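Comments concern the structure below.
The values are calculated or read from the model by the stated rules, or taken from the named source; none is laboratory data. Source: prediction; values computed, not measured. Every residue, glycine among them, receives a Cβ derived from its backbone with ideal geometry; neighbour counts consider all protein chains shown. Heavy atoms of the whole protein, side chains included, go into the accessibility calculation; ligands, DNA and RNA do not. Shrake-Rupley method; radii C 1.70, N 1.55, O 1.52, S 1.80 Å.
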Amino acid sequence: MSIHMENVGIAVRDLEEAIAFFTDLGLTVLGTDTVRGEWASTAVGLDGNHVRIALLGVPDGSGQLELFEYLHPEAIETAPTQPHEIGMHRVAFRVEDLDAALEIAARHGCHPLRGVATYEDVYRLTYLRGPSGILVMLAEQLGGTGD
């Protein structure tokens, strides 16, 4: 059997805010849409499922994020995921310049949870809270691009 990662979906409070954050970090909007109908309710398992979505791509083609804002049913607010909780954890990006990425994140009110760490002379990295409390890891590979 062949398997391929399609995308990672993340529900957000404010779709435009999330798009602005991720596009400022370098992702590109591949498309937007409003999704509803019987097929959407069946696939997702929610009666009356109705969302606004945006599909964002990473410039090197290595991945996609599908961001969605619920119009119906009303979104349920939950506490942000903690790094040690079981379940969907975080989305991680390798960036060329961590300091520049952190400056961009700061313009959106997003700052490292504790600080920037260095992992074995391989990565400088940090976790931060993005829009809607999304846990985001940013990592800069040391000594090369890794491409």
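Solvent-accessible area per residue in the stretch 1-134 equals 65 Å², computed with a 1.4 angstrom probe and all protein chains kept. For the pair R107 and M137 in one chain, pulling the backbone fully straight at 0.36 nm per residue adds 9.1 nm over the alpha carbon distance.
Give me the percent of the accessible area of the stretch 75-131 that comes from carbon and sulfur atoms, probe 1.4 Å, all protein chains in place. Don't jump to the answer; show the numbers that get you there.
Working: 2080 of 4040 Å².
C and S fraction of accessible area: 51 percent.
Apply the Kirkwood formula to the chain: the hydrodynamic radius equals the inverse of the mean of 1/r over all pairs of different alpha-carbon atoms; give it in Å with one decimal.
In the chain this quantity evaluates to 16.6 Å.
Which residues in the stretch 104-147 have a backbone N closer than 19 Å to a point placed 7 Å from the Cα of A79 along the Cα-to-Cβ line? Hits in the stretch 104-147 for A79 at 19 Å: 113-114, 128-130, 132-136. Taking 30 Å as R0, compute the FRET efficiency from the Cβ-Cβ separation of W39 and M1 and round it to 0.05. E(calc), rounded to 0.05, equals 0.75.
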